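Participant: Sending over a structure as structure tokens; questions will come in a sec.
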Amino acid sequence: MAQPADSVISVRDVTVHFARPSGDGQHTVLHGVSFDVYRGETLVIMGGSGCGKSTLLNCLIGELPADEGRIVYRLPGLGEVDLATADAHAADQVRKRFGILFQSAALFSSMSVAENVALPLREHARLDAAVIDIVVAMKLQQVHMLEHRDKLPVQLSGGQKKRVGLARATALDPEILFYDEPSAGLDPVTSSAIDELIMDLARKLHITSVVVTHDMPSAFRIADRMIMLEQGRIVRIGPRADFEKLRDAAPDTLASDDDRRIRQFLTGASTGPLTDEAGLTLYEKLLVGGEEAGIFRHAGA
């Protein structure tokens, strides 16, 4: 499988099915998705509710097995590891090389800020307690949260929780960071600050970032390249400049239905091909479809 030399993740023909609640057949959430993630870039995966982006993220981190296809990681010292065929030990070695910022930050409520950040170090690094304390202080300083190290998560704002989650995600100095809706639930100013942190970490630590979001201002701030998903398929992939050009184009200059749908999503326009269908709009169909809400059960479960 020939790949560009700087590809750190190769996704090939990934397909995921979920069983329908009625037991009548399957619903396909991802249809043969293929793309590469290049070392050091920030790749944004975007799309409307129900498009399959959360399912794709769960496949990338090994939380959900793909029914078909390959997800190959290329990391120094590990060679090529395909999550679809890797044994538990090999998959764990890959997971130790990436970090995840969850949508809710997912902090342990009974632990202090410092204890939350120290957890992966205590679990996976053979370090003395004094060294762990130093690393925790460094990670909290990077996200401007050192002064809050002794607080519990309940004492933090939403933006502060995201910062702590980001410090914990970088505790083991990962080569790849995955972000699940990093700006969800944040006001515009705090969202912009989190975006600045994402870009700052990418620059200073040379981290490869994969960001799942439907927040367009955030996506256009941080992305090097972008992927647009619609109904489980990639409808466009390319550099940010391509999407900016499409976003800024006049609707009557766009020749294809795909371009017009993508532009409507990027601009958030209330009228256009996404909302001009008879009966239920496409968005309403997706929202009641249940794919991202977990109503469907994975066919392999």
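Participant: Regarding ASP150, is this residue of a type outside the set (Val, Ile, Thr), at pLDDT 90 or above and either in a strand (DSSP E or B) or surrounded by 13 or more Cβ atoms within 10 Å (Cβ to Cβ) (or both)?
Facilitator: When the stated conditions are applied, ASP150 does not pass them.
Participant: Also: If you check ILE134 against the conditions, is it out of contact with any Cys (no Cβ under 7 Å at 6 or more places or on another chain) and under 29 Å from VAL37 (Cα atoms)?
Facilitator: no
Participant: Kindly indicate whether ARG126 is crowded, with 22+ Cβ neighbours inside 10 Å and among the basic types (Lys, Arg).
Facilitator: Judged against the criteria, ARG126 is not a match.
Participant: Take LEU156 and tell me if it is over 20 Å from the mean Cα position of the chain (by Cα), over 30 Å from ARG236 (Cα atoms), in contact (Cβ under 8 Å) with a residue 40 or more places away in the chain and crowded, with 16+ Cβ neighbours inside 10 Å.
Facilitator: So LEU156 passes the test.
Participant: Going by the conditions given, is ALA84 at pLDDT below 90 and more than 28 Å from LEU140 (Cβ to Cβ)?
Facilitator: Considered against the rule, which asks whether it is at pLDDT below 90 and more than 28 Å from LEU140 (Cβ to Cβ), ALA84 comes out as yes.
Participant: Being free of Cβ contacts under 8 Å to residues at least 24 places away in the same chain, farther than 24 Å from LEU56 by Cα and among the hydrophobic types (A, V, I, L, M, F, W, C), is that true of even one residue in region 192-205?
Facilitator: No: region 192-205 contains no residue that is free of Cβ contacts under 8 Å to residues at least 24 places away in the same chain, farther than 24 Å from LEU56 by Cα and among the hydrophobic types (A, V, I, L, M, F, W, C).
Participant: Restricted to region 178-192, and to residues that are modelled with pLDDT of 85 or more and under 16 Å from LYS53 (Cα atoms), which residue is surrounded by the most Cβ atoms within 10 Å (Cβ to Cβ)?
Facilitator: My answer is TYR179.
Participant: Looking for whichever is under 15 Å from LYS53 (Cα atoms) and either at pLDDT below 80 or under 17 Å from the mean Cα position of the chain (by Cα) (or both) here; the options are LEU274, LEU280, LEU229. Which one fits?
Facilitator: LEU229
Participant: Still on this structure, please answer the following. Tell me which residues, restricted to region 101-114, are more than 11 Å from LYS161 (Cα to Cα) and in contact with a Lys or Arg (Cβ under 9 Å, 6 or more places away or on another chain).
Facilitator: SER112, ALA114 - these are the residues of region 101-114 that are more than 11 Å from LYS161 (Cα to Cα) and in contact with a Lys or Arg (Cβ under 9 Å, 6 or more places away or on another chain).
Participant: How many of the residues in region 82-99 are farther than 12 Å from GLY62 by Cα, surrounded by 15 or more Cβ atoms within 10 Å (Cβ to Cβ) and not charged (D, E, K, R)?
Facilitator: Residues that pass the stated criteria total 1.
Participant: Regarding PHE18, is this residue closer than 29 Å to LEU205 by Cβ and surrounded by 15 or more Cβ atoms within 10 Å (Cβ to Cβ)?
Facilitator: no
Participant: Next up: What number goes with the only condition from (1) in contact with a Gly (Cβ under 9 Å, 6 or more places away or on another chain); (2) crowded, with 18+ Cβ neighbours inside 10 Å; (3) at pLDDT 90 or above that THR42 does not pass?
Facilitator: Answer for THR42: the failing condition is (1).
The values are calculated or read from the model by the stated rules, or taken from the named source; none is laboratory data. What you are looking at is a predicted structure, and each value in this text was computed from that prediction instead of being measured. We place every Cβ from the backbone using ideal geometry, glycine too, and count neighbours over all the protein chains shown.
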